[in-house]
Amino acid sequence: MRTFSNIARVVAMVLLGYLTLGVVNVNAQVQLPPYYKPQFLDQNGRPLSNGCVFTYVSGTNTPQATFTDFSGATPNPNPIQLDGSGRPPLGTDIWLGSGAYRFKLVSQGGTSCSTGIQQWLEDGITSSTGTILANNNTFTGTNTFDGATVFNGSVAMNVGFTSSGPSNLEAGGALVGTFSGSPILTGTWNFTGEVDAVNIVYSGELFSTVATGTPPISVVSTTQVPNLNVSELEGCTWESPCSIGSTTPNTAHFTSVVINTELTLGGSNVTSIKGLDTALYTAGTIAGGAGNSLCTDANGSATTSGCVTSGFTSVATGTNGSVCSTTTTNGSTCNTTVTISPTQANTSYIAACSGNTPTGYPFIINVAPASTSAVTVTITNGASAQAVVSTYNSLNCIVVHP
């Protein structure tokens, strides 16, 4: 009679041959046909009629389900009740999941497997295909996966990889090779190294998280890119820009402007140019600015450099019919403001005034610029012999701007 250990070893070999469901030949992608209907034997080598098969997580007593067919959709009862010939009942096969199993075979004790006698216990039972896909693997050569493929471990595809269904690398991995056709990448992809591609077409936004100081895009080609920054150019191009000030903001500020041909404002002649201190050009009048004289240079152009200081650049006049009156005190004075027109660019002008129709003994002792549009005239009543109320009926002033 064969010993128990020999019987268990034979039974285990038969069982493992069935449970592996064929050993996968990775290189050729073929496999042996599975052993479909195992027959479980007792310690004496006889069919274990109505015995039970318990399945656990390998190394534990935690139940782990097997499945009735290859789809893995319907779990078997645990334990599995064998028929009179020691086989799984009709319509039931034993298909393994991806994890490792511990199997325990017991005889029926009365009407319950829980009181039966253990025939053997085998641990570390796995499906060969599950073993391949559940561990870290290196696939060399050309490998083709025709269905949806999920890789739970780190996978390195070093030479060739073809998949006609979704391929999920859930625990990271490396894809090294050439990807042609139209691969679809969904989810959030993190490329830590360089990505070399012939063409990249994307329908969403392109984001760059590179820090300030490093250009987010480096372009070798100098060929114009259509529609790049089109909103910044408002539909125009650098070659044919839009009119400055035609859009918001409509005020343009320049540090310097270089005009190679001519300057046109508003489609017509320039009627006004304003500087920081004065109107340099207003309605046909050119001002020297800052009190400088304006003359022409050798080319007939207007200039304030090298002009003769004598003469004047503008004349203004002013009349005031309401003149102040002195008191009877000897040497009494009073002041009258005379408005001049046109307004001067600044107060660097010379004014001369005279009085009309005197009363008493008035005379003008001082005329001074008060502002760009007025002068102050000071009147006195003279010596003690003329210390009476003195005034003029009106004042006339002439202003000369050098």
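Summary of values
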{"item": "Flag for Gly165 being in a loop (DSSP other than H, G, I, E, B), modelled with pLDDT under 70 and surrounded by 11 or more Cβ atoms within 10 Å (Cβ to Cβ)", "result": "no"}
{"item": "Residue match in segment 8-16 (condition: within 30 Å of Gly141 (Cβ to Cβ) and either out of contact with any His (no Cβ under 9 Å at 6 or more places or on another chain) or at pLDDT 50 or above (or both))", "result": "yes"}
{"item": "Residues (surrounded by fewer than 18 Cβ atoms within 10 Å (Cβ to Cβ), among the small types (Gly, Ala, Ser) and either touching a residue at least 60 places away in the same chain (Cβ under 8 Å) or in contact with a His (Cβ under 9 Å, 6 or more places away or on another chain) (or both)) located in segment 73-127", "result": "Gly124"}
{"item": "Positions within segment 364-388 being modelled with pLDDT of 90 or more and within 12 Å of Thr326 (Cα to Cα), in sequence order", "result": "Ile364, Thr378, Ile379, Thr380"}
{"item": "Looking only at segment 51-98, and only at residues there that are in contact with a Cys (Cβ under 8 Å, 6 or more places away or on another chain) and in a loop (DSSP other than H, G, I, E, B), the one that is nearest to Trp120 (Cα to Cα)", "result": "Gly51"}
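The values are calculated or read from the model by the stated rules, or taken from the named source; none is laboratory data. If you're wondering where the values come from, they're calculated on a predicted model, not measured in any experiment. Here Cβ is always computed from backbone atoms with ideal geometry, including for glycine, and neighbour counts include all displayed protein chains.
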